[in-house]
Ligand code: ADP
Ligand code: MG
């Protein structure tokens, strides 16, 4: 058996926030872990324990106070130029609040296709829309939803749009920050089942193809 490849490594990672007045919040303190390709990594902790801060540091929304994040062996916070663009494509995030994470002034098609446009993944307008329709179908939405705006959707549907947006660039790793905790209990199971189904479909342990999707998830706790 070949040695498994770490896809994500956190090495003694800390993220502190300095508040006005000088107090320091040690949101993430000395965290180390390794996630291998094909694994689902779950992080559990009470509200305020630093899960979102950790996720945001992993995906480079925050600079760490100390420590290192490696993605496919490379130090994430040192990436520049084409390597940084590649990283932004390969790691995606699904956010906790589907109301705050979608731009209310953009249509669903433009939200889902944003990464396709940024990374030049479609050769024509027709191909772009075909991809959008296929992604909407993948997450259980309809082609006619493409021209609508986020406020026309329920929380569960919005989270599906967020998932389609994350999948559009065929990422290798998705960080899901409590993706169902803001949803009605009655639809939480639907979204969890969708994520499970996508993980099974998109990851194949024998393939190292760049289109393979890998998942890193933080799961909700009772307190959120
Ligand atoms: P969780 O996602 O586990 O609920 P968070 O990562 O959101 O936890 O927050 C961890 C701690 O860091 C909390 O005490 C929170 O108030 C604080 N915190 C988070 N973001 C910031 C910020 N941008 N500035 C200052 N403090 C923050
Ligand atoms: Mg959080």
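Quick note: the coordinates plus some simple rules give every number you see, no bench work behind them. Given the structure is predicted, the values throughout are model-derived calculations rather than measurements. All Cβ positions, glycine included, derive from the backbone under ideal geometry; neighbour counts span all protein chains shown.
With the contact rule set at Cα under 8 Å and sequence spacing of 6 or more, what percent relative contact order holds for region 139-201?
For region 139-201, the relative contact order is 37 percent.
For the chain, the longest principal axis of the alpha carbon atoms and the long axis of helix 108-118 meet at an angle near 60°. Using only Cα atoms and rounding to the nearest 10 degrees, what angle (0 to 90) does helix 185-202 make with the longest principal axis of the chain? Helix 185-202 and the main axis of the chain meet at about 90 degrees.
Run the helix sum for the chain: -39,500 (n - 2.57) per DSSP H stretch of 4+ residues, divided by residue count, reported at 222 nm to the nearest 500 deg cm²/dmol. Mind showing how you got there, number by number?
Values: 6 runs with 74 residues, N = 224.
Taken over the chain, the calculation gives -10500 deg cm²/dmol.
Let me know the shape class of region 68-192, please: from the alpha-carbon gyration tensor, a ≥ b ≥ c as square roots of the eigenvalues, rounded when a/c is under 1.5, otherwise prolate if a/b is greater than b/c, or oblate. Note, shape of region 68-192 comes out oblate.
Each part reduced to its alpha carbon centroid, region 28-45 and region 123-155 end up 32 Å apart.
Treating the angle as unsigned and between 0 and 90°, give the value, to the nearest 10°, between the Cα long axis of helix 81-90 and the longest Cα principal axis of the chain. Roughly 70 degrees, rounded to the nearest 10.
Using only the Cα atoms of region 75-141, build the gyration tensor, take square roots of its eigenvalues as a ≥ b ≥ c, and label the shape rounded, prolate or oblate: rounded if a/c is under 1.5, else prolate if a/b is larger than b/c, else oblate. Oblate.
What value in Å³ per residue do you get for the convex hull of the alpha-carbon atoms in region 8-120?
On the way: hull volume 17.3 nm³, N = 113.
Roughly 154 Å³ of hull volume per residue.
Could you tell me the relative contact order of the chain? Use alpha-carbon pairs under 8 Å, at least six residues apart, and round to a whole percent. About 24 percent, as a whole number. Taking 55, 38, 73 as the candidate residues, the one with maximal mean-square fluctuation in a Gaussian network model of the chain, Cα springs under 10 Å, is 73. For the chain, the Kirkwood estimate of hydrodynamic radius, built from reciprocal distances between every pair of different alpha carbons, is 18.3 Å.
Packing, as the average of other Cβ atoms within 10 Å across residues, places the peptides 130-143, 189-202, 152-165, 19-32 in the order 152-165, 130-143, 189-202, 19-32, highest first.
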